[in-house]
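**Q** Encoded as structure tokens, here's the structure I'll be asking about.
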Amino acid sequence: MCGRNSLFIDQADLEARFDAEVVADGGYTPRYNIAPGDDLHIITNEASDEIDAYHWGLIPFWADEPEEGIINARSETADEKRVFERAWESRPCLVPSSGFYEWKSPNGGSKQPYRIHREDDPAFAMAGLWDVWEGEDEAISCVTILTTEPNDLMNSIHDRMPVVLPRDAESDWLAADPDTRKELCQPYPEDDLDAYEISTRVNNPGNDDPQVIEPLDHEQSGLDEFSS
């Protein structure tokens, strides 16, 4: 799965990287620890030159009240699920990321967080689906991140990973038909992803600062686990 994200590239570099302009009502603030229920900055197929902010968690269209929603969708079966039917058919999006986080439980012990990122790219794109939940008095634009089988790097950490798109496939993801998009939902094929251990500060979404991405100092491991 993908349960935590980050996006802390400078706004000018973000806009240049995706050839799109930030239009979100709240603007853009670098984030080091984006949790489900927060806003994710995304680029939709209907406005490929805009970067907007959507609620992370696709809310079922039949829900009577807004809820946190579904943060991940299995790419292998999303087209079979009623909750994703509209989104899979015609609402793909890019979810920019400076790196996502995953947790590993070695030998059944306490979970160790990892940061997964690209050394050569300050922001990459994960594949997502967007939708709009409509209530009596409000409408909420929402998004879920697609997942797939792990590649060789992720296999030692977790049994799933987000669909990370190669840079030359990003525009195809937004423009392609559903069948072609399904073919793009593969384990990331390149060897430019990297992973390293970080401290458990990331476990607390309130910790949203550059310290979150610092490599774990094993000599200090656990000392700040309960701080702030």
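The values are calculated or read from the model by the stated rules, or taken from the named source; none is laboratory data. None of these values were measured; they are calculated from a predicted model. Positions of Cβ are generated from backbone atoms using ideal geometry, with glycine treated the same way; all protein chains shown enter the neighbour counts. Remember, those area values only see protein heavy atoms, side chains included, never the ligands or the DNA or RNA. Shrake-Rupley method; radii C 1.70, N 1.55, O 1.52, S 1.80 Å.
**Q** Given the criterion touching a strand residue (DSSP E or B) at 6+ places or on another chain (Cβ under 8 Å) and of a type in the set (A, V, I, L, M), identify the matching residue among Ala47, Ala12, Ala24. Before the answer, list the steps.
**A** Numbers: Ala47 fails: touching a strand residue (DSSP E or B) at 6+ places or on another chain (Cβ under 8 Å); Ala12 fails: touching a strand residue (DSSP E or B) at 6+ places or on another chain (Cβ under 8 Å).
Only one candidate qualifies: Ala24.
**Q** Can you name the residue in the range 99-138 that is of a type in the set (Ser, Thr, Tyr) and open to solvent by 30 Å² or more (accessible area, probe 1.4 Å) and, of all such residues, is nearest to Ile34 (Cα to Cα)?
**A** Here the answer is Tyr114.
**Q** Next question, about the same structure. Pairs, please: C-beta under 8 Å, at least 6 apart or cross-chain, first residue in a loop (DSSP other than H, G, I, E, B) and in the range 74-89, second of a type in the set (Val, Ile, Thr)?
**A** Filtered contacts from the range 74-89: Ser75/Thr147; Ser75/Thr148; Ser75/Val163; Glu76/Thr148.
**Q** Just checking, does the range 19-30 include any residue being buried (at least 16 other Cβ atoms within 10 Å of the Cβ), in contact with a Pro (Cβ under 6 Å, 6 or more places away or on another chain) and not aromatic (Phe, Trp, Tyr)? Explain how you work it out, then say what you get.
**A** As a first pass, look at the range 19-30 and keep what is buried (at least 16 other Cβ atoms within 10 Å of the Cβ): 20, 22, 28.
This time we only want the ones that are in contact with a Pro (Cβ under 6 Å, 6 or more places away or on another chain), so: none.
Within the range 19-30 (the criterion being buried (at least 16 other Cβ atoms within 10 Å of the Cβ), in contact with a Pro (Cβ under 6 Å, 6 or more places away or on another chain) and not aromatic (Phe, Trp, Tyr)), the answer is no, since none of the residues qualifies.
**Q** If a residue must be in contact (Cβ under 8 Å) with a residue 24 or more places away in the chain, assigned to a loop (DSSP other than H, G, I, E, B) and among the acidic types (Asp, Glu), how many such residues does the range 95-140 contain?
**A** 4
**Q** So which residues in the range 75-105 are closer than 15 Å to Leu129 by Cβ and hydrophobic (A, V, I, L, M, F, W, C), if there are any at all?
**A** Correct list: Ala78, Val83, Phe84, Ala87, Trp88, Cys93, Leu94, Val95.
**Q** Follow-up question, since we're still on this one. Could you check, for the range 52-68, whether at least one of its residues is surrounded by fewer than 17 Cβ atoms within 10 Å (Cβ to Cβ) and modelled with pLDDT of 95 or more? Steps first, answer last, please.
**A** First, pick out the residues of the range 52-68 that are surrounded by fewer than 17 Cβ atoms within 10 Å (Cβ to Cβ): 60-68.
With modelled with pLDDT of 95 or more added as a condition, the list becomes 60.
Scanning the range 52-68 turns up at least one residue that is surrounded by fewer than 17 Cβ atoms within 10 Å (Cβ to Cβ) and modelled with pLDDT of 95 or more.
**Q** Taking the residues in the range 1-18 that are in a loop (DSSP other than H, G, I, E, B) and under 16 Å from the mean Cα position of the chain (by Cα) as candidates, determine which candidate is surrounded by the most Cβ atoms within 10 Å (Cβ to Cβ).
**A** Among those residues, the one meeting the criterion is Cys2.
**Q** Scan the range 72-124 for residues that are closer than 25 Å to Glu214 by Cβ and touching a Pro at 6+ places or on another chain (Cβ under 7 Å) and report the count.
**A** Number of matching residues: 6.
**Q** For a quick check of your reading of the model, give me the residue pairs whose first member lies in the range 173-188 and is closer than 20 Å to Met154 by Cα, whose second is part of a helix (DSSP H, G or I) and open to solvent by less than 70 Å² (accessible area, probe 1.4 Å), with beta-carbon atoms closer than 7 Å and at least 6 apart or on different chains.
**A** These pairs meet every condition: Leu184/Ala169; Leu184/Trp173.
**Q** Would you say Ile71 is open to solvent by 30 Å² or more (accessible area, probe 1.4 Å) and of a type in the set (A, V, I, L, M)?
**A** Working: open to solvent by 30 Å² or more (accessible area, probe 1.4 Å): yes; of a type in the set (A, V, I, L, M): yes.
Spelling it out, Ile71 is indeed open to solvent by 30 Å² or more (accessible area, probe 1.4 Å) and of a type in the set (A, V, I, L, M).
**Q** For residues that are surrounded by fewer than 16 Cβ atoms within 10 Å (Cβ to Cβ) and either of a type in the set (Gly, Ala, Ser) or more than 20 Å from Ile213 (Cβ to Cβ) (or both), tally how many sit in the range 188-198.
**A** 3
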